[in-house]
C-alpha cells in the first residue's frame, strides 16, 4: 500500500520514485521518513501498518526532492538545519513551509485529516495555511475538489 502511495506522490510531483527501505536505524528519534540527499532512497520506520504521520512524512520528504529539482536557490539558497536555528526561524524557511503545506494538502485530500501544526509558532502556521491555499489553487486544483467517500 505505501509503495503505491509513494509512487502516486512521485507521479504528482513528476520526480523519480526512490527505492523504499524499512530501516528504523536510518531514522532519528521521532522521524517517520527520510529521503537520502540524492533522492534515490527513502527510509521509513518499520510499522505493522502505515501511520498518518509516516504518510505525511513521506509526502514531506518527496516534496523536498521536488524543491531540489525545481528551484534549489529559492528553497535551499540560505537554508539552515534545525540544529543551527531556533524553531521559529527554522520553520519559517521556504522549504519547510512548502513541504509542510504539501504534506497537509495530501493528508486532507487522501485521508480527510487536516494537520494542525500545533507545535509550530502561529506565524509559521499562518504561512503554511497560505501556502496550502496556493498549492491547492495553482498546482493541484483537482485535490481541492476531491470529496472523500462516506
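The values are calculated or read from the model by the stated rules, or taken from the named source; none is laboratory data. Please read these numbers as outputs of a predicted model, since none were measured by experiment. All Cβ positions, even for glycine, are placed from backbone atoms using ideal geometry, and neighbour counts span all protein chains on display.
Scan the stretch 21-38 for residues that are over 16 Å from the mean Cα position of the chain (by Cα), more than 25 Å from residue 113 (Cβ to Cβ) and assigned to a loop (DSSP other than H, G, I, E, B) and jot them down.
Those that are over 16 Å from the mean Cα position of the chain (by Cα), more than 25 Å from residue 113 (Cβ to Cβ) and assigned to a loop (DSSP other than H, G, I, E, B): 23, 38.
Step by step: first the residues of the stretch 79-95, then only those that are out of contact with any helix residue (DSSP H, G or I) (no Cβ under 6 Å at 6 or more places or on another chain) and in contact (Cβ under 8 Å) with a residue 12 or more places away in the chain, then the one that is nearest to residue 35 (Cα to Cα). Which residue is that?
80
In this structure, is residue 79 under 16 Å from the mean Cα position of the chain (by Cα) and more than 18 Å from residue 11 (Cβ to Cβ)?
Criteria not met by residue 79.
For a quick check of your reading of the model, give me the residue pairs whose first member lies in the stretch 23-42 and is closer than 14 Å to residue 6 by Cα, whose second is loosely packed, with under 13 Cβ neighbours inside 10 Å, with beta-carbon atoms closer than 6 Å and at least 6 apart or on different chains.
41/19
Do the conditions hold for residue 17, that is, is it within 16 Å of the chain's Cα centre (by Cα), surrounded by fewer than 21 Cβ atoms within 10 Å (Cβ to Cβ) and in a helix (DSSP H, G or I)?
No: the conditions fail for residue 17.
Would you check if residue 41 is modelled with pLDDT of 95 or more, surrounded by 15 or more Cβ atoms within 10 Å (Cβ to Cβ), within 16 Å of residue 9 (Cβ to Cβ) and over 11 Å from the mean Cα position of the chain (by Cα)?
Here the answer is yes, as residue 41 does meet what is asked.
Tell me whether the stretch 44-62 contains one or more residues that are in a strand (DSSP E or B) and surrounded by 12 or more Cβ atoms within 10 Å (Cβ to Cβ).
Within the stretch 44-62, one or more residues are in a strand (DSSP E or B) and surrounded by 12 or more Cβ atoms within 10 Å (Cβ to Cβ).
Would you point out which residue out of 100, 130 is surrounded by fewer than 16 Cβ atoms within 10 Å (Cβ to Cβ) and either assigned to a helix (DSSP H, G or I) or at positive phi (or both)?
130
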